[in-house]
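Structure first, then comments.
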Amino acid sequence: MELTNEERMLAETMYKWTVKEIAPLQEKIDDEDWLPEDFFKKLGELGMLGITIDEEYGGAGQGVMMQVLAVEQLSRISPALGMTYGAHSNLCANNIHKNGTEAQKNKYLPPMCTGEHIGALCLTEPNAGSDALGGMRTLAKKSGDKYIINGTKMFITNGSIANTLLVYAKTAPELGPHGISAFIIEADSPGVTVSKKLKKCGMRGSPTCELSFEDVEVPAQNLLYAENSGVAVITSGLAYERIVLAGGSLGIAEQSLEYSIQYAKEREQFGRPIKDFQMIQQKIADMYCLVEASRGLVYRAARFADGPEGKRGGKGTELDKLAAAAILFAAEASTKVACDGVQIHGGYGYCLEYPIQKLWRDAKLYEIGAGTSEIRRMIIARELFR
């Protein structure tokens with residue numbers, strides 16, 4: 001799992017930029033649930049928004065591994081901005097790049113690579129979370145050379161600030177999950193409204209909302225891939241989404257360990273640093289093992305995704321199993337590592353002045369988003385028994 005010089009350079013560049021640009025703003029970001037207005041434009045200038053996008057559309061033409069490293073390093077300082085960055089670059093832009101027509105890619109990807117436009121994925125609904133496909137109620141009816149879309153989407157990362165929305169809707173309800181289609185919708189289209197901004201205990205700074213679609217007219221040329229082929233788009237993209245977001249969990253765990261080691265060396269009790277106590281040493285050792293085990297699973301999944309066998313996701317693929325395993329383990333490990341980090345910090349760890357508590361609050365979401373831990377276990381077991 002050794003990194004190439006190019007990969008190491010990208011990781012170092014992202015981390016140094018995050019420490020310089022984001023770390024001084026962390027308290028404000030978390031306290032006010034605030035996203036810096038120039039966040040995406042600065043990332044665009046840094047060349048981080050189109051990592052997996054071909055150069056002809058303004059990207060860097062790199063693979064999933066590079067994208068994982070970028071999310072990992074950003075998430076060490078700000079998991080919330082790491083997630084909002086991943087939702088833009090991977091969930092939206094990469095899906096359009098993977099499944100769009102030349103006209104769609106030429107129109108929507110360049111401004112997303114520069115940060116001029118922000119992207120969001122709209123799949124989950126108020127009554128359809130883990131059963132996102134079977135429980136979907138958003139409808140798209142064909143009317144001449146356009147579709148009319150009605151419905152509601154929930155827990156949409158970047159939904160309130162996005163310019164470009166990748167929306168799933170049922171075009172043939174009688175076909176169940178096989179009657180779903182994907183559409184590119186411009187957020188300023190009449191009928192698209194932010195019906196509710198959600199207040200979260202963690203991942204503050206990453207805007208999350210409920211979006212309503214009321215008689216939204218979408219040109220037929222904005223259909224992504226093909227009618228009633230939304231499941232193919234979803235399943236091919238979910239594996240990459242899980243691997244990339246697993247990088248966020250890895251970043252949280254890494255930084256939690258780093259903060260805990262630093263605090264254990266500085267904090268004294270009973271006349272000596274708490275690092276000298278065996279129970280603290282045990283926690284630190286266990287945290288380190290979880291971090292490195294997570295790194296191994298996440299990097300292995302990313303390497304596989306970039307290889308010849310990793311070009312297709314969905315049921316029956318090794319990629320699907322590896323992606324589910326990577327985010328399952330990394331997410332639960334990061335929650336455990338951050339929780340132990342709070343314990344090592346003691347009472348100070350429970351105070352807002354110390355950043356370890358923010359990592360603790362942020363870590364939990366990755367056990368829920370992009371498929372819950374329970375769903376991930378079902379996927380892994382399904383593929384093992386196949």
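Rule-based calculations on the coordinates, nothing more; no lab input. Since we're looking at a predicted model, the values are computed, not measured. Neighbour counts run over all protein chains shown; Cβ positions are idealised from the backbone, glycine included.
Computed from point charges on the beta carbon alone (+1 for Lys and Arg, -1 for Asp and Glu), the dipole magnitude for segment 73-226 about its Cα centre is near 480 Debye. Dipole magnitude for segment 158-224: computed about the Cα centre from +1 point charges on Lys and Arg Cβ and -1 point charges on Asp and Glu Cβ, it is near 560 debye. How would segment 121-224 be classified by its alpha-carbon gyration tensor: rounded, prolate or oblate, with rounded meaning a/c under 1.5 and the a/b versus b/c comparison settling the rest? It comes out oblate by the Cα gyration axes. Residues whose amide H lies under 5 Å from that of M48, counting only those 5 or more places away or on a different chain, are absent; hydrogens are built 1.01 Å from N in the peptide plane. Measuring max minus min along each principal axis, the C-alpha atoms of the chain give extents of 79, 46, 41 Å (largest first). For segment 344-380, GluC sites (Glu not before Pro) are listed when DSSP marks them as loop and at most 15 other Cβ atoms sit within 10 Å of their Cβ; the list is E353. Placing +1 on each Lys and Arg Cβ and -1 on each Asp and Glu Cβ, with no other charges, gives the chain a dipole about its Cα centre of roughly 820 debye. When both bridge partners sit in the chain, DSSP labels roughly 85% of those beta bridges antiparallel. Along the axis of the charge dipole computed for segment 230-385 (Cβ charges of +1 for Lys and Arg, -1 for Asp and Glu, origin at the Cα centre), the listed residues G316, S260, Q281 are led at the positive end by G316. Note on the chain: dipole from Cβ charges, positive end direction compared against A140, N222, I380; the farthest Cα belongs to I380.
For segment 230-385, what class follows from the C-alpha gyration tensor (a ≥ b ≥ c being the square roots of its eigenvalues): rounded when a/c is under 1.5, otherwise prolate if a/b is larger than b/c, else oblate? Taking the square roots of the gyration eigenvalues as a ≥ b ≥ c, segment 230-385 is prolate. The angle between the Cα long axis of helix 64-77 and the main principal axis of the chain comes to about 50°, on a 0 to 90 degree scale. Taking only C-alpha pairs under 8 Å that are 6+ residues apart, what is the relative contact order of segment 121-224 in percent? About 31 percent, as a whole number. A simple rule links phi to the HN-Hα coupling: the Karplus curve 6.51 cos²θ - 1.76 cosθ + 1.60 with θ = phi - 60°, which for segment 29-40 gives 4, 6, 4, 9, 6, 10, 9, x, 4, 9, 4, 6 Hz, with x for Gly and Pro. Once backbone amide H atoms are built at 1.01 Å from N, Y354 has no partners under 5 Å, excluding neighbours fewer than 5 places away on the same chain.
Ranked by the mean number of other Cβ atoms within 10 Å of their residues, highest first, the peptides 281-290, 19-28, 159-168, 315-324 fall in the order 159-168, 315-324, 281-290, 19-28.
Mind checking segment 143-252 for trypsin sites (Lys or Arg not before Pro) that DSSP puts in a loop (not H, G, I, E or B) and that have at most 10 other Cβ atoms within 10 Å? Listed in order of number, the matching sites are K199. Once the convex hull of all Cα atoms in segment 235-283 is built, its volume per residue stands at 60 Å³.
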